[in-house]
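The values are calculated or read from the model by the stated rules, or taken from the named source; none is laboratory data. Note that this is a predicted model, so its numbers are computed, not measured. Methodologically, a virtual Cβ is constructed for each residue, glycine included, from the backbone with ideal geometry; neighbour enumeration extends over all protein chains shown. Calculation scope for accessible area: heavy atoms of the full protein, side chains included, ligands and nucleic acids excluded. Shrake-Rupley method; radii C 1.70, N 1.55, O 1.52, S 1.80 Å.
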Amino acid sequence: MKLAGETHAVDGVPAEPCLLAKDATDVRRWHVAGWVTANGDIDWPRLLAECGHFEVPVAHCSLAAEGAVGRQTAAGSSGGGPSSPRSQVRPASSTTMTLADFRRTQWRAPGWPKPYLKDWHACLDLKDTQKLFITPPLFRDDFLNDWLSTKPGSSDYRFVYIGPAGSRTGVHTDVLHSNSWSAQLSGTKRWLLLPPEHAHLVEDANGICNVDAFPDRVASELCREVVQRPGEIIFIPGGWYHAVENIDDSLSLNVNWIDSASLERSWNHLLKEYRIAEHYIEDLRPLTSPAEFETLVDRNAKLQCGMSKADFIEMVRVGMNMDMDMGMGMGMGMNTCPDPHEPPDHRLIQRRRAYGNRFLAWSQRGAGRQDDNARRETMMS
């Protein structure tokens, strides 16, 4: 798969998964590429010297927890972004330890479960003392991480993944149906991708993914399989179910982001989560005031998505009004990690303001009615 074919309405961001050609972005220029030896293996001495003391999240991938991937591709993940909490019904067990302990006690543990370092916020741990990577120009329209960069103490959606051969992630979609791009730095991995139009095959009536509903016939007939090699960057549009396996010992970098053209899709997914949250606590409605009930719905939906409706609107307003003189956002911020040798992208400012204004007008004018109609349909079902 190469970068070609259909695109979003915004500057060529693809509408379907694809691999960027190696000459599109030279990952060898990135600091994180220094964690790989000349032979292409993970450079553990250097990695541990820089980061061995950091606490990292480690999942333990069992065939039971990640069975859907094993049946499909003998496969799992080396990234693919954080899944929605409901999208995987049998998550792998997880713990936290230092990177040094992960290497010493977990890396070569025989058999199953396989240890897998997932969702490590390395950029935050290093406090941006090192620019770990340079965001490819195609992916710099990032409302999500630019907004978070303005909130002291907030997290981000930039992750490092490290896993031995056989470690994996089961079928899921990424949080808020955000886009993701993943750069493979060491090792090879296999992706299994299900187009959004077939999502009903793996979801129940409430839109919750059931990994047991991911049979072999779906994989063979409807899914796309991609092998990603070192130096390649894969793009996954929001809303695509995917499962990933590390074929070899693997190091990768993954970023989730919401671009101008994705605002409406992510907003609609957030409204869907609100409807589901409301449906699950409907029995509490007679026992609470309308304001209390809405507060409970808001809290539960935010737990699922990491963001409330108010947060989303704030993200759009902040993203479209960022001033490049602030030294953040608009392709120039801490989280978008631009190439410092490139001039500011003024077209990006204009695009984000145009799309942001359009989204705000649309959400205020029509999305409320759309949400009310969908809520009634959910309650009736």
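Asn254 sits among other residues whose Cβ lies under 14 Å from its own Cβ, and their net charge, with Lys and Arg +1 and Asp and Glu -1, is -2. Given R0 = 25 Å, the distance between the Cβ atoms of Arg285 and Leu360 translates into a calculated FRET efficiency of 0.25.
Surface exposure of segment 129-200, expressed per residue as accessible area with a 1.4 Å probe, stands at 23 Å².
Beyond 11 Å, what share of the Cα-Cα pairs of segment 273-312 remains, rounded to the nearest whole percent? Of the Cα pairs, 58 percent sit more than 11 Å apart.
Quote the convex hull volume per residue of segment 100-166, based on C-alpha atoms, as a whole number of Å³.
Enclosed volume per residue, from the Cα hull, is 128 Å³.
Judged by the mean number of other Cβ atoms found within 10 Å, the most tightly packed of the peptides 268-275, 119-126, 37-44, 242-249 leads the ranking 242-249, 268-275, 119-126, 37-44.
Across every pair of non-identical alpha carbons in segment 244-326, the mean reciprocal distance, once inverted, gives a Kirkwood radius of 15.5 Å. Applying 1/(1 + (r/R0)^6) with R0 = 45 Å to the Cβ-Cβ distance of Glu314 and Ala109 gives a FRET efficiency near 0.55.
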